[in-house]
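Chemist: The structure that follows is given in the form of structure tokens.
The values are calculated or read from the model by the stated rules, or taken from the named source; none is laboratory data. Keep in mind that this is a model prediction, so the values were computed, not measured. Reconstructed Cβ throughout: ideal geometry from the backbone, glycine too, with neighbour counts over all protein chains shown.
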Amino acid sequence: MHYFVTGATGFIGKRLVKKLLERKGATVHFLIRQESAGKVAALRAFWGVGAARAIAVQGDLTRPKLGVSSEDIKRLKGEITHFYHLAAVYDLGADEESQTAVNIDGTRNTVEFAKAVDAGHFHHVSSIAAAGLYEGVFREDMFEEAENYEHPYFRTKHESEKIVRKECKVPWTVFRPAMVVGDSATGEMDKIDGPYYFFKLIQRMRQLLPPWMPAVGLEGGRVNIVPVDFVVDALDWISHQEGIAKKCFHLVDPVGYRVGDVLDIFSKAAHAPKMNLFVNAALLGFIPRGVKKSLMALAPVRRVRNAVLADLGLPEDMLTFVNYPTRFDCREMRAALKGSAIECPNLKDYAWRLWDYWERHLDPDLHIDHTLKGTVSGKVVLVTGGSSGIGLAAAHKFAEAGAITLICGRDQDKLDEACKEAKARGYSFVAYPADIADMADCDRFVTTLIANHGGVDFLINNAGRSIRRAIEASYDRFHDYERTMQLNYFGCLRVTMGLLPGMAAKRRGHVVNISSIGVLTNAPRFSAYVASKAALDAWTRCASSEFADVGIGFTTINMPLVRTPMIAPTNLYNNVPTLSPEEAADMIAQACIFKPVRIATRLGITGQLMHALVPRIAQIAMNTSFRMFPDSSAAKGEKGAKSHLSAEAVAMQQMMRGIHF
């Protein structure tokens, strides 16, 4: 038996051909464009047959009679028992011109070709989209009743099926598959489509929220999802039955699911928070069209909407179909499959396979280099305060990743030692002596950087000073506030603002500011330090808004307590759980790779929430810790004195890892 298949390179067509070739003595002729000729060998290998049973026919769907040569038409005339037309654009986001050329003109050319070769039966693989946005149950014997199919995807599917019904001169059958997803046994899929568009949203929920936390889902209309293996098996079986001419079969799941149910099923498959509460998307329909149009006319609203859709990988028209109103009757399909043992599996039973395959093979993030080397290799990275502590640990990471790593500091001996250490590890630093607290020296330093390196691609504002002293012990030490602000705020700004023009000119760059968990928790005894970092945080929020459209990003790291020379004078920190400089450097690396607006620990965010929601309770908690922990000997001006902590204070230290006391 001889078959002809268009769309044999597609997701469904490739598997249908394999299924047809399993039939004894079957030979499949398949349409292939000249530019796709290189795919033929791989296709035959997938099908497990040679050129004698899988015969390529060169042509083009958009040309009359598929552009097939007269010699091939003559050779095929009267030979084709079953003709399957699967070639089409299955993409909501495709442009109208390409959908019209392939779905409408391509179908007309295919019908013409089927007649030219005197095919025995024409099987048109349409789509449930041919029904448009029909309100209610759409039966298999309905077609003209379709409504609301103005969208190019729906319109071209409807028009192509009309061509078959009106113009096909050989016996025909129409198959309307539902939303086709991956294989129910392997999860294999070739593209992101349909429910896959929501996978990124579910993945983000899993990353941000614990699995036990109830989540709010979106309730909408019913969607019908079928795995590709069911579609292929049903198509193969029904197309070989008698009495199917001029009939239509809905290859759908007889059950069907609401949008909320589908989201919940895939959330469970992804081990994401379960959606216990649903907001009905139909509520959006109550918003007057004029109001929505007015909102979309506002540039900020459009930018936010487009940014969210782009971030989640959602096509612009996807939200239009959340309230999908159509359900599909499939009694003809069920009758035709009776006795075949072919039935649509329950989505709940194979959703985990679809998710697993997507996350391993289709997740767009897989194609982005999320390594530090892929981010900074060959780029110029400046780490201020890079001769010791967090800065030095970060500089080593950048240099190992292939960055042109610049470090600066006040102590030339420390800079030399850092460079010597880097050389011993097989890479190098470029060290510059600079006093970031000196505005004139900052200007000199920036001028040197621009002259020698043309600016920087990544700026790590790490240089800083911390003072742990209660306000009541600082009445006569106003200079503590001045010098802390001078370095942590003004010096940082002087360097940043000197380098920003170069970043803006290149329309790229990223600034990472090392702030403190104390800004979130309002740690007592650190009023000078926290105030200077809070000023930097506020400036960064303003700057990030101004430079958002010129390719410059900012990340604030609310760093917890790190064991560096800066905390050495405070003896009570000797036994406090702290981060190592290497762990802090990892946070800086993540800031450069993923470029989030902020990086903070859960403890820090909890503290910020407490101050926002229950400020009085937060104040009491902070005051209790303030009275529980004494000033350091350095703050008291006592050399060699040791601080004695109560058992309660020791316990709190262990619980509150990373908080400044």
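Chemist: If the Cβ limit is 9 Å and pairs must be 6+ apart or interchain, which residue in region 183-194 that is of a type in the set (Gly, Ala, Ser) pairs with which residue that is buried (at least 18 other Cβ atoms within 10 Å of the Cβ) and in a loop (DSSP other than H, G, I, E, B)?
Modeler: Pairs that qualify, where the first residue is of a type in the set (Gly, Ala, Ser) and the partner is buried (at least 18 other Cβ atoms within 10 Å of the Cβ) and in a loop (DSSP other than H, G, I, E, B), are SER184/CYS344; GLY194/LEU92.
Chemist: Here is a further query. Please return the ranges of strands (runs of 3 or more DSSP E) entirely within region 11-119 where 2 or more residues are of a type in the set (A, V, I, L, M, F, W, C) and under 36 Å from the mean Cα position of the chain (by Cα).
Modeler: In region 11-119, 27-32 are the strands (runs of 3 or more DSSP E) which contain 2 or more residues that are of a type in the set (A, V, I, L, M, F, W, C) and under 36 Å from the mean Cα position of the chain (by Cα).
Chemist: Is it the case that LYS397 is under 25 Å from the mean Cα position of the chain (by Cα), over 30 Å from PHE175 (Cα atoms) and assigned by TED's automatic domain parsing to the domain that holds ARG465?
Modeler: no
Chemist: Something else: Please go through region 587-645 and pick out each residue that is aromatic (Phe, Trp, Tyr), in a helix (DSSP H, G or I) and either modelled with pLDDT under 65 or over 20 Å from VAL512 (Cβ atoms) (or both). Before you say what the answer is, go through the steps one by one.
Modeler: So in region 587-645, the residues aromatic (Phe, Trp, Tyr) come out as 594, 626, 629.
With the extra rule that they be in a helix (DSSP H, G or I), the set shrinks to 594, 626.
Hit for region 587-645 is PHE626, nothing else.
Chemist: Filter region 435-474 down to the residues that are touching a helix residue (DSSP H, G or I) at 6+ places or on another chain (Cβ under 7 Å), part of a loop (DSSP other than H, G, I, E, B) and farther than 26 Å from CYS592 by Cα and list them by number.
Modeler: Hits for region 435-474 are ILE467, ARG468, ARG469, SER474.
Chemist: Here's a check for you: in region 418-459, which residue that is charged (D, E, K, R) and within 14 Å of PRO501 (Cα to Cα) is surrounded by the most Cβ atoms within 10 Å (Cβ to Cβ)? Before the answer, list the steps.
Modeler: Applying the first criterion (charged (D, E, K, R)) to region 418-459 yields 420-421, 423, 425, 435, 438, 441, 443-444, 457.
Cutting the leftovers down to within 14 Å of PRO501 (Cα to Cα) gives us 443, 457.
On the way: ASP443: 13, ASP457: 23.
Selected residue: ASP457.
Chemist: Give me the pairs, please: first residue somewhere in region 536-557 and closer than 24 Å to THR521 by Cβ, second residue anywhere and of a type in the set (A, V, I, L, M, F, W, C) and in a loop (DSSP other than H, G, I, E, B), beta-carbon distance under 7 Å, and either six or more positions apart or on two chains.
Modeler: SER544/VAL597; THR555/VAL597
Chemist: Name the residues in region 185-217 that are surrounded by fewer than 21 Cβ atoms within 10 Å (Cβ to Cβ), in a loop (DSSP other than H, G, I, E, B) and not aliphatic (A, V, I, L, M), would you?
Modeler: Selection gives THR186, GLU188, ASP190, LYS191, ASP193, PRO210, PRO211, TRP212, PRO214.
Chemist: Any residue at all in region 203-225 that is touching a Lys or Arg at 6+ places or on another chain (Cβ under 6 Å) and among the basic types (Lys, Arg)?
Modeler: So far as region 203-225 goes, yes, one or more of its residues are touching a Lys or Arg at 6+ places or on another chain (Cβ under 6 Å) and among the basic types (Lys, Arg).
Chemist: What residue, among those in region 123-146 that are assigned to a helix (DSSP H, G or I) and in contact with a strand residue (DSSP E or B) (Cβ under 8 Å, 6 or more places away or on another chain), is farthest from HIS2 (Cα to Cα)?
Modeler: Per the stated criteria, the residue is ALA131.
Chemist: Which of the residues that make up region 503-559 are of a type in the set (Phe, Trp, Tyr), more than 24 Å from VAL380 (Cα to Cα) and in a strand (DSSP E or B)?
Modeler: Those that are of a type in the set (Phe, Trp, Tyr), more than 24 Å from VAL380 (Cα to Cα) and in a strand (DSSP E or B): none in region 503-559.
Chemist: Say whether the condition of being over 30 Å from HIS361 (Cβ atoms), assigned by TED's automatic domain parsing to the domain that holds LYS65 and out of contact with any Cys (no Cβ under 8 Å at 6 or more places or on another chain) is met by at least one residue in region 173-188.
Modeler: no
Chemist: Here is a further query. Within the group TYR153, TYR149, which residue is out of contact with any Cys (no Cβ under 6 Å at 6 or more places or on another chain) and part of a loop (DSSP other than H, G, I, E, B)?
Modeler: Matching residue, one of TYR153, TYR149: TYR149.
Chemist: Among residues belonging to region 590-600 that are within 11 Å of ILE557 (Cα to Cα) and of a type in the set (A, V, I, L, M), point out the one that is surrounded by the fewest Cβ atoms within 10 Å (Cβ to Cβ).
Modeler: Only one residue tops the list, namely VAL597.
Chemist: For PHE175, all conditions in the list (1) aromatic (Phe, Trp, Tyr); (2) modelled with pLDDT of 95 or more; (3) under 21 Å from LYS274 (Cβ atoms) hold save one; what is the number of the exception?
Modeler: For PHE175, the failing item is (3).
Chemist: So, in region 347-387, exactly how many residues are touching a residue at least 24 places away in the same chain (Cβ under 8 Å), over 16 Å from HIS271 (Cβ atoms) and among the charged types (D, E, K, R)?
Modeler: Here the count works out to 3.
Chemist: Could you list all residues from region 119-144 that are out of contact with any helix residue (DSSP H, G or I) (no Cβ under 9 Å at 6 or more places or on another chain) and either more than 26 Å from TYR324 (Cα to Cα) or of a type in the set (A, V, I, L, M, F, W, C) (or both)?
Modeler: Across region 119-144, the qualifying residues are GLY120, VAL137.
Chemist: Let me ask something additional. Against the definition (within 29 Å of ARG616 (Cα to Cα), in contact with a Ser or Thr (Cβ under 9 Å, 6 or more places away or on another chain) and surrounded by fewer than 24 Cβ atoms within 10 Å (Cβ to Cβ)), how does ALA470 come out, yes or no?
Modeler: For ALA470, the condition - within 29 Å of ARG616 (Cα to Cα), in contact with a Ser or Thr (Cβ under 9 Å, 6 or more places away or on another chain) and surrounded by fewer than 24 Cβ atoms within 10 Å (Cβ to Cβ) - is met.
Chemist: Taking region 452-492 as the search range and keeping residues that are among the aromatic types (Phe, Trp, Tyr) and free of Cβ contacts under 8 Å to residues at least 12 places away in the same chain, which one is nearest to THR540 (Cα to Cα)?
Modeler: So the first thing to find is which residues in region 452-492 are among the aromatic types (Phe, Trp, Tyr), and the list is 458, 475, 478, 481, 489-490.
Now drop any that are not free of Cβ contacts under 8 Å to residues at least 12 places away in the same chain, which leaves 475, 478.
Details: TYR475: 30, PHE478: 26 Å.
Among them, the one singled out is PHE478.
Chemist: Taking region 327-346 on its own, how many of its residues are part of a helix (DSSP H, G or I) and without any contact (Cβ under 8 Å) to a residue 40 or more places away in the chain? Let's see the steps before the verdict.
Modeler: In the first step, residues of region 327-346 are kept if they are part of a helix (DSSP H, G or I); the result is 331-337.
Keeping just the survivors that are without any contact (Cβ under 8 Å) to a residue 40 or more places away in the chain gives 335.
Residues in region 327-346 being part of a helix (DSSP H, G or I) and without any contact (Cβ under 8 Å) to a residue 40 or more places away in the chain: 1 in total.
Chemist: Can you confirm whether LEU31 is on the phi > 0 side of the Ramachandran plot, assigned by TED's automatic domain parsing to the domain that holds HIS151 and buried (at least 23 other Cβ atoms within 10 Å of the Cβ)?
Modeler: no
Chemist: Please work out if PHE490 is closer than 21 Å to GLU546 by Cβ, assigned to a helix (DSSP H, G or I) and modelled with pLDDT of 95 or more.
Modeler: When the stated conditions are applied, PHE490 passes them.
Chemist: Taking ALA297 and the conditions (1) on the phi < 0 side of the Ramachandran plot; (2) modelled with pLDDT of 95 or more, which numbered condition does it fall short on, given that it satisfies the others?
Modeler: Result: ALA297 fails condition (2) only.
Chemist: Can we say LEU354 is modelled with pLDDT of 95 or more and either loosely packed, with under 14 Cβ neighbours inside 10 Å or within 28 Å of the chain's Cα centre (by Cα) (or both)?
Modeler: Yes.
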